[in-house]
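Colleague: Please read through the structure below; I'll follow up with questions.
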Amino acid sequence: MTLHDALAEARARLVAADFSHVEASIDVDLYARTILGWDRARLLTDLQDAPPGRLEPTLSEWITRRTRHEPTAYIVGTREFWGLDFAITPAVLVPRPETEFIVEETLLLLRTPGTNGLERSAALGTAPGDVSHATVRIADIGTGSGCVAIAVAVNTPTSRIVASDVSEAALVVARANAARHGVADRLDFVATSYLDGVDGLFQIITANPPYVKDGDKPAISRVTRHEPEVALYGGAEGLRDITGVLDTAAAKLEPGGWLVMEFGYGQEEGVETLLAARPALRMDHVRSDLQGIPRTAVIQRR
Ligand code: GLN
């Protein structure tokens, strides 16, 4: 049996379990390269050789887990987000590509004079004209794997970030990721709901709250079913934690500060209604994801 045959057999098991040929190829390729520690070129050149001894039993075990629709990120233990490799376990939501918009919008705010943090930070103690060393105070609510907070921290050397989560198990993963990316000294992890018990005001708050409607549970994909419910479900309308994040932003953002928050399909009007009842906040703009679905709200504290 060649490596080619072993991989074909693995793909066939996934196709038999309802995966498309494309998905099966992508997964088997990634699993084999992860187990063998090879790049794609090496995998291709060695296809006609006997499979290396270390391929099994791990490949078969991983395929079995995948046939139960476990997320690939949990199986291989990592997922790329904003070009960085994050450790991922079943204690945290698997980072989604659309959540990268939170990072992008935050970095844009930090680079636009007059709209952000940097200008504000002059008022926080640094001489005007010398904002290069001013600390930007950021909070990330419901940090999960830490992917948003860490991506922002890596790209904003002057930031100091409080990252909260109600799940201690998630914070263990987030701390490991902060250490992996060399930003642990600028991140404070707090086990709390929203920013309860956290002192001070922030220039930017980021959040990807759980926003799936409780009633959508039966319809959720077989893959998502493996992810933590606390990271997914946000009450009857999916707006419970979005409401909590808005109230936190009204209380914990400094005047002129920004909230960058993800929300779910069809929730834009609900978010607007919640904002109308909170005159301290105003919608600046909404970013649509790559499928054209309104996804990321950029909201300013008046
Ligand atoms: N985007 C996720 C999903 O639809 C939900 C993530 C969240 O609730 N923040 O599966």
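Colleague: Tell me the residue from Val198, Val148 that is within 16 Å of the ligand (Cβ to nearest atom) and either in contact with an Asp or Glu (Cβ under 6 Å, 6 or more places away or on another chain) or more than 17 Å from Ile88 (Cβ to Cβ) (or both), please. Even if it seems obvious, please write down each step before you answer.
Modeller: Values: Val198 fails: within 16 Å of the ligand (Cβ to nearest atom).
From the options Val198, Val148, the qualifying one is Val148.
Colleague: Applying the selection to region 210-238, what residues are of a type in the set (A, V, I, L, M), assigned to a loop (DSSP other than H, G, I, E, B), closer than 24 Å to Arg65 by Cα and over 16 Å from the mean Cα position of the chain (by Cα)?
Modeller: Applying the first criterion (of a type in the set (A, V, I, L, M)) to region 210-238 yields 212, 219-220, 223, 230-232, 236.
In the following step, the residues that additionally are assigned to a loop (DSSP other than H, G, I, E, B) were identified as 220, 223, 232, 236.
Next, only the ones that are closer than 24 Å to Arg65 by Cα stay: 220, 223, 232.
Of everything in region 210-238, those that are of a type in the set (A, V, I, L, M), assigned to a loop (DSSP other than H, G, I, E, B), closer than 24 Å to Arg65 by Cα and over 16 Å from the mean Cα position of the chain (by Cα) turn out to be Ile220, Val223.
Colleague: Just to be sure before I move on: is Ala178 open to solvent by less than 40 Å² (accessible area, probe 1.4 Å), in contact with a Lys or Arg (Cβ under 7 Å, 6 or more places away or on another chain) and either in a helix (DSSP H, G or I) or at pLDDT 95 or above (or both) in the structure I sent?
Modeller: So Ala178 fails the test.
Colleague: Moving on to the next point. Name every residue in region 185-200 that is more than 16 Å from Ile141 (Cβ to Cβ) and open to solvent by 50 Å² or more (accessible area, probe 1.4 Å), in order of residue number. Give the derivation first.
Modeller: The initial filter retains those residues of region 185-200 that are more than 16 Å from Ile141 (Cβ to Cβ), namely 185-186.
The one that is more than 16 Å from Ile141 (Cβ to Cβ) and open to solvent by 50 Å² or more (accessible area, probe 1.4 Å): Asp185.
Colleague: Just to verify a result, which residue in region 251-290, among those that are open to solvent by 20 Å² or more (accessible area, probe 1.4 Å) and either of a type in the set (A, V, I, L, M) or at pLDDT below 95 (or both), is nearest to the ligand (Cβ to nearest atom)?
Modeller: In this case the residue turns out to be Leu290.
The values are calculated or read from the model by the stated rules, or taken from the named source; none is laboratory data. Computed from a predicted structure; not experimentally measured. Cβ atoms come from the backbone with ideal geometry, glycine included; neighbour counts cover every protein chain shown. Keep in mind that these areas ignore ligands, DNA and RNA; they rest on the heavy atoms of the full protein, side chains included. Shrake-Rupley method; radii C 1.70, N 1.55, O 1.52, S 1.80 Å.
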